[in-house]
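These notes are about the structure you will find just below.
The values are calculated or read from the model by the stated rules, or taken from the named source; none is laboratory data. Values in this document were obtained by computation on a predicted structure and should not be read as measured data. Because the Cβ atoms are built from the backbone with ideal geometry, glycine has one as well, and the counts that use them run over all protein chains shown. These accessible areas exclude ligands, DNA and RNA; they are computed on the full protein's heavy atoms, side chains included. Shrake-Rupley method; radii C 1.70, N 1.55, O 1.52, S 1.80 Å.
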Amino acid sequence: MASLFSGRVLIRNNSDQDELDTEAELSRKLENRLVLLFFGAGACPECQAFVPILKDFFVRLTDEFYVLRAAQIALVYVSQDLTEEQQDLFLRDMPEKWLFLPFEDDLRRDLGRQFSVERLPAVVVLKPGGDVLTRDAAEEIQRLGPACFANWQEAAEVLDRSFLPPEDLEDAVPRSLTEWLRRRKYRVEKATRGGGGPGGEDEAEDGAPGLL
């Protein structure tokens with residue numbers, strides 16, 4: 001997953017604005033995790049309505065007040081703000097563990113085209129290898145809250161470090177009775193570089209206003 005941001009800088013949304021600018025740092029933050037790309041903008045009313053839900057979703061999965069061990073999830077804010085001041089204002093009250101791209105990095109716009117984002121807010125969920133798990137999870141997050149993470153984790157086959165694999169690998173039991181349903185729902189779509197590919201089932205309907 002770190003390869004998506006290879007050669008780029010990601011910034012942690014803490015008071016020191018720590019920069020992740022090496023492959024090793026990016027790997028520590030992104031590898032073996034589900035990565036959420038959150039496309040939003042401070043001037044977007046729909047984003048303003050959605051962000052408290054997304055913030056609560058993320059905090060309940062990663063904050064020690066709610067969980068003993070943070071979920072294997074990372075969130076990168078892909079700003080569609082018009083100015084750096086708008087971006088800074090939007091991030092001011094967001095979790096410190098969120099990551100974001102520098103405002104001057106054109107990858108902010110390129111990722112929107114790469115993942116065929118056509119409306120805001122949008123949350124693209126990526127498997128650790130970079131495949132698209134779902135092209136827009138915003139509605140699912142609003143409807144299910146943190147419960148949808150377990151579905152994503154199982155569908156993406158992210159290894160939870162608190163569990164060991166079964167001893168008899170030739171007779172491994174399924175993770176759950178609903179595993180096949182999750183595999184069917186979250187179809188794997190290869191992330192294409194340099195341009196958006198065909199849309200998934202969660203894309204906007206024809207005629208929806210373009211984002212970029």
What is the range 2-161 by shape, rounded, prolate or oblate, if you read a ≥ b ≥ c off the alpha carbon gyration tensor as root eigenvalues and call it rounded for a/c under 1.5, prolate for a/b larger than b/c, and oblate otherwise? rounded
Over the range 2-161, average the accessible area per residue using a 1.4 Å probe and give it in Å², no decimals. 44 Å²
Cleavage-rule hits, GluC sites (Glu not before Pro), the range 29-128, DSSP coil, Cβ neighbours within 10 Å at most 16: Glu31, Glu64, Glu96, Glu104
Out of the trypsin sites (Lys or Arg not before Pro) in the range 41-116, which ones are loop residues according to DSSP with at most 11 other C-beta atoms within 10 Å? Arg69, Arg92
Could you please state how large a percent of the accessible area of the range 2-161 is carbon and sulfur, counting protein chains only and using a 1.4 Å probe? 48 percent
Shape verdict for the range 24-74, please, from the Cα gyration tensor: rounded (a/c under 1.5), prolate (a/b greater than b/c) or oblate. oblate
quick note, the range 2-161, DSSP beta bridge pairs, % antiparallel (nearest 5) is 55 percent
